[in-house]
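Have a look at the structure below, then the notes.
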Amino acid sequence: MRIGIDLGGTKIEVIALSHTGCELYRHRIPTPRNDYKATIKAICDLVAHTEQKTAHTGSVGVGMPGTISPFSGLVKNANSVWLNARPFDKDLSAALNRPVRFANDANCLAVSEAIDGAGKGRNIVFAVIIGTGCGAGIAIGTKAHHGGNGIGGEWGHNPLPWPSEEERDKNPCYCGKNSCIETWVSGTGFAGNYLNETGKRLSAPEIISLADNGYEQALAALARYEDRLARSLAHAVNILDPDIIVLAGGMSNIRRLYTNLPGLMKPWVFGGECETPIVPSVHGDSSGVRGAAWLWDTEI
């Protein structure tokens with residue numbers, strides 16, 4: 001049995017998968033925010049609860065915000081800031097009394113979709129989360145690509161490519177830089193741009209609903225969003241040239257993206273050719289926790 005943990009800022013979810021990938025059990029609890037020791041205890045309790053419910057022991061994989069630095073051995077880049085500068089992998093492995101595998105939550109998405117989702121059978125899967133925030137993960141041969149610095153797939157914290165004068169050096173990002181891709185193509189960035197252009201504060205779903213009903217300002221905002229997302233994905237294609245791009249997160253539910261993005265990307269891809277499939281994730285919000293479970297494979 002494989003146990004996956006998805007450690008989010010507001011909830012911790014556990015899943016148990018059989019060796020064939022069938023779901024055996026799933027449960028979620030609120031995250032003990034700003035409390036490192038309570039977070040470790042909560043995960044340990046979830047694992048114990050899962051093993052009691054299934055009457056099996058299992059390997060444990062964890063999808064987490066940020067990453068474990070390969071140099072210091074401490075967490076870095078986590079927006080769940082109470083994890084940063086902590087030896088989270090060592091502390092959790094010791095508390096569970098077993099080895100635990102860790103990956104960034106977006107890399108877990110990529111692994112899940114590469115194994116039995118939209119990217120099944122593809123060698124290089126580039127998986128993008130466009131929700132409240134924005135990130136990406138890479139799976140190569142169904143394995144998470146962490147990179148030598150532990151930041152493989154950190155696409156959202158590159159600058160928006162080929163910016164117009166109106167876009168240049170705008171949108172301060174929490175990472176300390178300006179105009180990161182995340183500040184433009186996340187749901188938060190989409191709503192923020194609509195506010196800046198119209199003076200109206202609406203949520204991303206509200207704007208999409210207006211666009212679906214032909215509201216001109218909402219349609220214009222959506223067109224700007226598609227152009228920025230297309231440039232950002234083209235930038236990733238120019239570097240990685242993945243076999244498939246999988247979209248997840250709230251903004252991935254906009255159906256017209258899958259029709260419009262391929263044509264919008266081509267002018268920005270070197271040579272003008274780009275037939276990379278862009279598809280929605282199969283497992284949706286479950287991809288992260290399933291990918292965490294799949295961090296262990298036949299070595300169990």
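The values are calculated or read from the model by the stated rules, or taken from the named source; none is laboratory data. Note that the coordinates shown come from a computational prediction; the quantities given were computed from them, not determined experimentally. As a convention, Cβ positions derive from the backbone with ideal geometry for all residues, glycine included, and neighbour counts pool all protein chains shown.
So for region 239-249 (the condition being in a helix (DSSP H, G or I), on the phi < 0 side of the Ramachandran plot, touching a residue at least 60 places away in the same chain (Cβ under 8 Å) and in the same structural domain as E275 (by TED's automatic domain parsing)), does at least one residue qualify?
Checked against the condition, which is being in a helix (DSSP H, G or I), on the phi < 0 side of the Ramachandran plot, touching a residue at least 60 places away in the same chain (Cβ under 8 Å) and in the same structural domain as E275 (by TED's automatic domain parsing), region 239-249 yields at least one hit.
Please go through region 57-75 and pick out each residue that is touching a residue at least 40 places away in the same chain (Cβ under 8 Å) and touching a helix residue (DSSP H, G or I) at 6+ places or on another chain (Cβ under 9 Å).
T57, G58, S59, V60, G61, V62, G63, M64, P65, T67, I68
In region 1-46, how many are part of a strand (DSSP E or B), in contact (Cβ under 8 Å) with a residue 40 or more places away in the chain and surrounded by fewer than 13 Cβ atoms within 10 Å (Cβ to Cβ)?
Total meeting the criteria: 0.
Taking N79 and the conditions (1) in contact (Cβ under 8 Å) with a residue 12 or more places away in the chain; (2) buried (at least 16 other Cβ atoms within 10 Å of the Cβ), which numbered condition does it fall short on, given that it satisfies the others?
(2)
Given the conditions (1) surrounded by 16 or more Cβ atoms within 10 Å (Cβ to Cβ); (2) within 30 Å of E197 (Cβ to Cβ), report the number of the one that V62 does not fulfil.
The single condition V62 does not satisfy is (2).
For residues that are over 20 Å from L261 (Cβ atoms) and of a type in the set (A, V, I, L, M), scanning just region 107-151, find the one that is surrounded by the most Cβ atoms within 10 Å (Cβ to Cβ).
V111
Which one of these is in the same structural domain as G272 (by TED's automatic domain parsing), under 20 Å from T132 (Cβ atoms) and out of contact with any Phe, Trp or Tyr (no Cβ under 9 Å at 6 or more places or on another chain): N158, N193, N171, N213?
N158
Can you tell me which condition R122 does not meet? The list is (1) at pLDDT below 95; (2) more than 19 Å from H235 (Cα to Cα), and all the others hold.
(1)
Sort out which residues of region 175-190 are in contact with a Gly (Cβ under 9 Å, 6 or more places away or on another chain) and either among the hydroxyl-bearing types (S, T, Y) or not assigned by TED's automatic domain parsing to the domain that holds L257 (or both), and write them in order of number.
Within region 175-190, T183, S186, T188 qualify.
Tell me, yes or no, whether region 186-207 has at least one residue that is surrounded by 14 or more Cβ atoms within 10 Å (Cβ to Cβ), closer than 24 Å to F102 by Cα and either modelled with pLDDT under 95 or over 22 Å from the mean Cα position of the chain (by Cα) (or both).
Taking every residue of region 186-207 in turn, none turns out to be surrounded by 14 or more Cβ atoms within 10 Å (Cβ to Cβ), closer than 24 Å to F102 by Cα and either modelled with pLDDT under 95 or over 22 Å from the mean Cα position of the chain (by Cα) (or both).
Could you list all residues from region 252-281 that are part of a loop (DSSP other than H, G, I, E, B) and either modelled with pLDDT under 95 or over 30 Å from H56 (Cα atoms) (or both)?
Hits for region 252-281 are I254, R255, R256, V269, F270, G271, G272, E273, C274, E275, T276, P277.
Residues in region 208-222 that are in a helix (DSSP H, G or I) and either surrounded by 18 or more Cβ atoms within 10 Å (Cβ to Cβ) or among the polar types (S, T, N, Q) (or both): how many?
8
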